[in-house]
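In what follows, a single structure is set out as structure tokens and then discussed.
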Amino acid sequence: MPLPLVEHRLQATPEKPGVYLMKDPRGTVLYVGKASILRNRLRSYFGSQTNLPNKIRRMLSHLHDFEYIVTDSEAEALILENTLIKRYKPRYNARLKDDKTYPYLKIDLTEEFPRVYITRRVAKDGARYFGPFATSGTVRKTMDLVKRLFPYRSCTKNITGKDPRPCLEYYINRCVAPCTGIASKEDYAKVINQVVMFMEGDTETVTKDLSDNMELASENLEFERAAVLRDRMKAVEKVAEEQRITVDSNPVSDMDVIALAQGSNESWVEVFFVRKGKLIGREHFFMEGTQDDTETLVLGQFVKQYYQTALVIPPRVVVQHMPEDNETITEWLRQTRGGAVRLVCPQRGVHKQLVDTVADNARQGLIQHRIKWLDNSDIIQQAMSELEEELSLPLPLRRMECYDISHIQGTNTVASMVVFEDGKPKPAHYRRFKIKTVAGVDDFESMREVLRRRFKRLAAARAAEKRGEGEGAGVDSFGVIPDLVLIDGGKGQLSAALEVFLELGLDDVPLASLAKENEELFVPHTPEPIILPRTSQALYLVQRIRDEAHRFAITYHRNLRSKSSLRSAIDNVTGIGPKRKKMLMRKFGTLKGIKEAAVDDLASAPGMTRSLAIRLKQTL
């Protein structure tokens, strides 16, 4: 879009709150955003791009036009933003995955004998809805639990109270048989009321109600019924005990606790539901299109999109990261709930511990999700077939190697090599490299060094084979010829790798690089990148390999930094020279062992004194 035209349009843009839509030449909505002052927000996109996130810069490279909708307030703009994100699913917005299909548990209280069942449609029809649940599996587990605890009817028959005999569920204490008149309408309503209270987390009222009924049955000499009620009460108490968590000395009645873990282009969001001081449930959700987004932004988008359709907004929402527009979100939550709502990001205390627990569950959930994906042989085979076709590989793709360089502020530059065989990690063949010949920060030269060290033995073995002087490179990880070498980086890293391959005469090993900025694949001698569809299993596979290489490199880098900082700390202790340090290492085995040892244990090492041990402990 020509800058003069942009400037004229910005001048005509009102200084009012609203929502803006960024579009590509085909009119596809790329991004939806809200603003308290539309003119200022839009102007920020067309000035210097230095401070803009990478994802927004990529979006601007495809931008052809924009439009906006003026609203009366920021809260109204927030609601409209959520609605448009759900409608258009813009590529560059963080958005809830398949948010329209989440299942709910429904109890239709307008029925004479209400049932409990699963639905995906929420309406203002007088029914009680509980949810949303992330999957139909989780809502069915909840429904099975409720059915085991409370004897409501699961049939769809018309209840007249005149059936000659009840079905099997009555005899196994899973239904109170209103169909035969054994339970009156009032008796059945008490069961349904207990279900509602249980789903709301009010297990104390449920157990008290069951206890009162049990005592009444016992007084009336209905011992069999009293025994059934006793067992039901114990079951509810057991579930309540499993749900109980300690929030503080005066537990907050109702709150949701939200934390997330980010992947390459998706985020796993975990939500714990605390009601009356008890953890009554938890759910997880996926946010798509979160590449390069900050955790603050992703969490803010989740809160806005989730609570737009959530049936219950608690008076307190505890979050891992405070959204940037937290005041607007808080006001909107208050209006939606029709009551007070606090958005809290704790920095210490039991609430911070609770947030950390939820965040740890989110990280574990994301890890397990990746493992499940990697364990699905059909999906893996599909991904490998897609990748073979997209990269035009000469041989079936079996072994992939991925390389990544890691450094922070130019110190301890390291590299990682991870291996996937048949689409799955092979940790036994992982290798780590400490860069030896490169001074300062030079990713290209570091990549050249790593690849030379990895492939020079293979090249030498091939040359010896041709001369009839050897039998190949052996069977260790450096002796296997990969079907694809993947480099983390763009064209520059690919060129550096290609130089090494040509230098070593390895012109038949397929090579590609994955540029994180746009998730583009580059191959030698082809100027245009290969862009895999966002829904492609092949893209998911290369992202997983790249992320694993990055994780492995970062872990090694952190270990080196930790060891070097500990070494320098020991060296800085006056009175401890090479000899005493050697004796300490001999006694405690590792630097970590020295750090964790007690003062008395340090003092007992040969050549050490108590004063030296105290000085060393204080330094470490």
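FYI, it's all coordinate maths here, none of it is from the lab. What you see is a predicted model, and the numbers here were worked out from it, not measured in a lab. Here Cβ is always computed from backbone atoms with ideal geometry, including for glycine, and neighbour counts include all displayed protein chains.
Once the piece of chain linking Val350 and Lys582 is laid out straight, how much longer is it, given 0.36 nm per residue of separation minus the C-alpha distance between them?
Working it through step by step, the gained length comes to 79.2 nm.
Could you tally the net charge around Ala603, taking each other residue with its Cβ under 13 Å from the Cβ of Ala603, Lys/Arg +1 and Asp/Glu -1?
Neighbourhood net charge equals +3.
Given a cut-off of under 8 Å on Cα pairs at least six residues apart, what relative contact order in percent is computed for the chain?
Relative contact order, the chain: 8 percent.
Of Cys179, Cys155, how do they rank once you tally other Cβ atoms within 10 Å and put the fewest first?
Cys155, Cys179
Would you mind checking Lys147/Lys208; Lys147/Lys424; Lys424/Lys516; Lys86/Lys278 for any pair whose Cα atoms are more than 30 angstrom apart?
Lys147/Lys424; Lys86/Lys278
Expressed as an acute angle from 0 to 90° and rounded to the nearest 10, what is the orientation of the C-alpha long axis of helix 377-391 relative to the principal long axis of the chain?
40
By the gyration tensor of its Cα atoms, with a ≥ b ≥ c the square roots of the eigenvalues, what is the shape of the range 572-619: rounded for a/c under 1.5, prolate for a/b over b/c, or oblate?
Rounded is the answer for the range 572-619, as its axis ratio a/c remains below 1.5.
Kindly flag which residue pairs out of Lys579/Lys617; Lys352/Lys592; Lys23/Lys55; Lys34/Lys304 have an alpha-carbon separation exceeding 20 Å in this structure.
Checking Cα-Cα distances, Lys352/Lys592 exceed 20 Å.
Give me the Kirkwood hydrodynamic radius of the chain, using the inverse of the mean 1/r over all pairs of distinct Cα atoms, in Å to one decimal.
About 29.6 Å, per the Kirkwood formula over Cα pairs.
Let me make sure I get this right: for the range 101-243, a, b and c are the square roots of the gyration tensor eigenvalues over alpha carbons, sorted descending. Under 1.5 in a/c it's rounded, otherwise prolate if a/b > b/c, else oblate. Which is it?
Cα axes put the range 101-243 in the oblate bin.
Debye calculation, C-alpha points only, no solvent: report log10 I(q)/I(0) for the range 254-371 at q = 0.11, 0.13 Å⁻¹, in the same order as the q values.
Taken in order of the listed q values, log10 I(q)/I(0) reads -0.33, -0.46.
Short version: ³J(HN,Hα) in whole Hz for each residue of the range 180-196, in order, from phi by Karplus 6.51 cos²θ - 1.76 cosθ + 1.60 (θ = phi - 60°), x for Gly and Pro, what are they?
9, x, 4, 10, 7, 4, 5, 4, 5, 4, 5, 5, 5, 4, 5, 4, 4
Net charge within 10 Å of His64 by Cβ-Cβ distance, Lys/Arg positive one each and Asp/Glu negative one each, not counting His64 itself?
Charge balance in the 10 Å sphere: 0.
Per DSSP helix of 4 or more residues, -39500 (n - 2.57); summed, then divided by the residues of the chain. What does that give at 222 nm, rounded to the nearest 500?
The helix-only estimate for the chain comes to -15000 deg cm²/dmol at 222 nm.
Can you tell me the orientation of helix 223-243 relative to the chain, as the angle in degrees between its alpha-carbon axis and the longest Cα principal axis, to the nearest 10?
30
When the Kirkwood hydrodynamic radius is evaluated over all pairs of different C-alpha atoms of the range 394-557, what value in angstrom, to one decimal, is obtained?
Result for the range 394-557 stands at 16.2 Å.
If we count GluC sites (Glu not before Pro) as exposed when they sit in a DSSP loop and have at most 15 other beta carbons within 10 Å, what is the longest stretch of the chain that avoids them all?
325-468
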